[in-house]
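The values are calculated or read from the model by the stated rules, or taken from the named source; none is laboratory data. Being a predicted model, the structure only gives us computed values, none of them experimental. Don't worry about glycine lacking a Cβ; one is built from the backbone with ideal geometry, like all the others, and counts go over all protein chains shown. Side chains included, ligands, DNA and RNA excluded: accessible areas come from the protein's heavy atoms. Shrake-Rupley method; radii C 1.70, N 1.55, O 1.52, S 1.80 Å.
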Amino acid sequence: MLTVDRHGLPSALAERLTDEARASFAETPREARFKFLAQALGLDEASLLAELSRLTGLEVLEEPAIDPDGMKILPARIASEAQVVPTLLPGGEAGRLRLVTALPPDTDTSDWVATFASRRPKWYLAPPERVAALINENYGVGSGSLEDEGDDLPAAEVAASDEADQDAAVVRFVTEVLTQAVAEGATDVHFEPQENNLRIRYRVDGILIAIPLPDNLARFQDAIISRLKIMARLNISERRLPQDGRINFRDGKNVLDIRVSTIPTIYAESVSLRLLNQRKEAYNMDRIGMNAEEQAAVRKVLDYPHGIILVTGPTGSGKSTTLNAFLQAINSPDIRIVTIEDPIEYEVPGANQVQTRAEIGLTFAGALRSTLRQDPDVIMVGEIRDLETAEISIRASLTGHLVFSTLHTNDAPGAITRLIDMGVEPFLVGSAVELVIAQRLVRRLCADCAKTVPVDRAKLLPALETLGMDESYLKDVTSLKEAVGCRKCRGTGYRGRVGVFEIFHPKPLHDLIITRISNRDLTEKAIALGMRPLAKAGWLKVAAGLTTIDELVRNLSSNE
């Protein structure tokens, strides 16, 4: 007999909560009640599970497995709303429907299960993240929202399926997809119409991941795309031309500025979302992956009163994150910082941040010109895209301002030749640019499952040669870590990313820069003066057990 109230709260725990906390618990959605209760009681997840097990007599399953036959009995809507999933236990009691949940079942959940299941239920407890993962992996993300109204519910609850019901279901589904994307740490969400279905993929740690979805998703495809366009204030009747818009989305404490892009495809409009968390904690130089030597080189230049610091790399390589780490390092009440960005990715306390709007004429160059009349000490320009922006940035650095910006080049010396190719005079480039950093993001090995293995020279040598290195780099390395895969990293073996940096000081090569030296020759001269190329900087991360040689080759081989 379970000693819980109608909301699933054991009476012994209820007595330890204030009246206000008990009322809040009852009003909290079921999927968030476990976390709320843990915080209210000051317990971690494992301790709360153990306490619930002791008070209710329910066994805790750390790694429950799905019961396919039980899924046929328990509808997706009930599983999603009640956060309960049928589990399979070898040698379990015959004739019982075994169900796992994070909190003991409340009255409504018990009644729902009794309505659908002819088999007597036996309840278990499990970590809430594991329960949610099993529901998403097996029923599909948002499956409870899009479940057909009349398929599984009792006759007394069946309502005529009308347009209003479908609209509400689609609104819930889109919200669930975005909420799950935030939980997964996705940077992008892609809605891609196929011939007979709608594919939705998240970009996590730079890799696209197809998410499991309900079987009946295709019938809601047009409604889902229209919902996204409505949220972004786009013209839903225009399906022939690409459109761009923005969505402000709030998920609990997370406030997201979502950039929306639609493009017509052969089957329907494809919609891509870029997720920008406005409250995201800014990274410092430790967190982006710079070692002590690299930080020392950068901090020396950050103390300069003027000059340009450039960060280069392809789209998605973390350039804006690195620049914000630099701003965080120098930010103080006696420095006036102005940033010009598109989009604004991080809030910098005390800084004056400007969002460009090309549609009304507020471009990088125009905003930068006006910024110079604002008495700034430090200016961050999101990207140097044209000659005008480049020239204003360089002249600003030569007139007493410290300027940060980004360029799209493969390596650090390439930034010098790119500026010259844009039309900037070489002597201005050589005089203004103090530091160039090329970077890439490589996936970080999962700390929970990575294993140490002896060095396999036969496997490593071809990879090293691809990156322009030889076996001398294996001289003092006897073991490395490799990816394995577990639940916490979705079986990939990686979780999170770490930066790889190539740091170039152009000033010692000033005389060569003004002669318009080629990028290849400039790179060779820089390496001779001590610049560590991206591949060799990445190898230090491999040797330190942060990533793998395969991940390095995937990101850098095209540049060597």
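General observations
- Members of the stretch 109-135 that are polar (S, T, N, Q) and either buried (at least 21 other Cβ atoms within 10 Å of the Cβ) or closer than 21 Å to Val4 by Cβ (or both): Thr109, Ser110, Thr115
- Only residues that are surrounded by fewer than 17 Cβ atoms within 10 Å (Cβ to Cβ) and either under 17 Å from Ala14 (Cβ atoms) or not acidic (Asp, Glu) (or both) were counted in the stretch 32-54, giving 12.
- Close pairs (8 angstrom Cβ cut-off, 6 or more residues apart or separate chains): touching a residue at least 12 places away in the same chain (Cβ under 8 Å) in the stretch 58-73, outside any loop (DSSP other than H, G, I, E, B) and open to solvent by 90 Å² or more (accessible area, probe 1.4 Å) anywhere: Glu63/Arg487; Ile66/Glu137
- Flag for Ile420 being touching a Lys or Arg at 6+ places or on another chain (Cβ under 7 Å), more than 22 Å from Tyr304 (Cα to Cα) and part of a helix (DSSP H, G or I): yes
- Enumeration of residues in the stretch 396-435 that are within 19 Å of Arg520 (Cα to Cα) and among the hydroxyl-bearing types (Ser, Thr, Tyr): Thr409, Thr417
- The set of residues in the stretch 362-406 being of a type in the set (Gly, Ala, Ser) and in a helix (DSSP H, G or I) consists of Ala365, Gly366, Ala367, Ser370, Ala390, Ser393, Ala396, Ser397.
- Residue match in the stretch 169-182 (condition: open to solvent by 70 Å² or more (accessible area, probe 1.4 Å), at pLDDT 90 or above and over 14 Å from Arg227 (Cβ atoms)): no
- Options Thr356, Thr363: the member that is at pLDDT below 95 and crowded, with 21+ Cβ neighbours inside 10 Å: Thr356
- Residues of the stretch 485-498 satisfying the condition of being within 18 Å of Glu62 (Cβ to Cβ) and in contact (Cβ under 8 Å) with a residue 12 or more places away in the chain: Gly485, Cys486, Arg487, Lys488, Cys489, Arg490
- Unique match (being over 23 Å from Glu129 (Cβ atoms) and either open to solvent by 50 Å² or more (accessible area, probe 1.4 Å) or over 31 Å from the mean Cα position of the chain (by Cα) (or both)) among Gly57, Gly8: Gly57
- Exclusive hit being modelled with pLDDT under 90 and farther than 20 Å from Ala79 by Cα, set Arg54, Arg6: Arg54
- In the set (1) touching a strand residue (DSSP E or B) at 6+ places or on another chain (Cβ under 8 Å); (2) open to solvent by less than 70 Å² (accessible area, probe 1.4 Å); (3) of a type outside the set (A, V, I, L, M); (4) at pLDDT below 90, Gln166 fails one condition alone, (1).
- Near pairs, Cβ below 6 angstrom, 6+ apart or cross-chain, from the stretch 88-114 (farther than 14 Å from Leu58 by Cβ) to any residue that is at pLDDT below 80 and of a type in the set (A, V, I, L, M, F, W, C): Leu97/Ala117
- Filter pass, Ala415 being in a helix (DSSP H, G or I), crowded, with 24+ Cβ neighbours inside 10 Å and at pLDDT 95 or above: yes
- Number of the condition not met by Pro29 [criteria: (1) at pLDDT below 85; (2) in contact with a Ser or Thr (Cβ under 8 Å, 6 or more places away or on another chain); (3) open to solvent by 30 Å² or more (accessible area, probe 1.4 Å)]: (2)
- Selection count, the stretch 166-208, where residues are touching a Lys or Arg at 6+ places or on another chain (Cβ under 6 Å) and part of a strand (DSSP E or B): 4
- Pairs where the first residue, in the stretch 213-226, is within 18 Å of Tyr202 (Cβ to Cβ) and the second is acidic (Asp, Glu), C-beta under 7 Å, 6+ apart: Ile225/Glu269
- The listed residue being part of a helix (DSSP H, G or I), within 31 Å of the chain's Cα centre (by Cα) and of a type in the set (A, V, I, L, M, F, W, C), out of Ala438, Ala463: Ala463
- Candidates Ile344, Ile288, Ile266: the one that is at pLDDT below 95, out of contact with any Pro (no Cβ under 6 Å at 6 or more places or on another chain) and more than 29 Å from Pro376 (Cα to Cα) is Ile266.
- Flag if Asp470 is within 30 Å of Ser431 (Cα to Cα), open to solvent by 30 Å² or more (accessible area, probe 1.4 Å) and either in contact (Cβ under 8 Å) with a residue 24 or more places away in the chain or of a type outside the set (A, V, I, L, M, F, W, C) (or both): no
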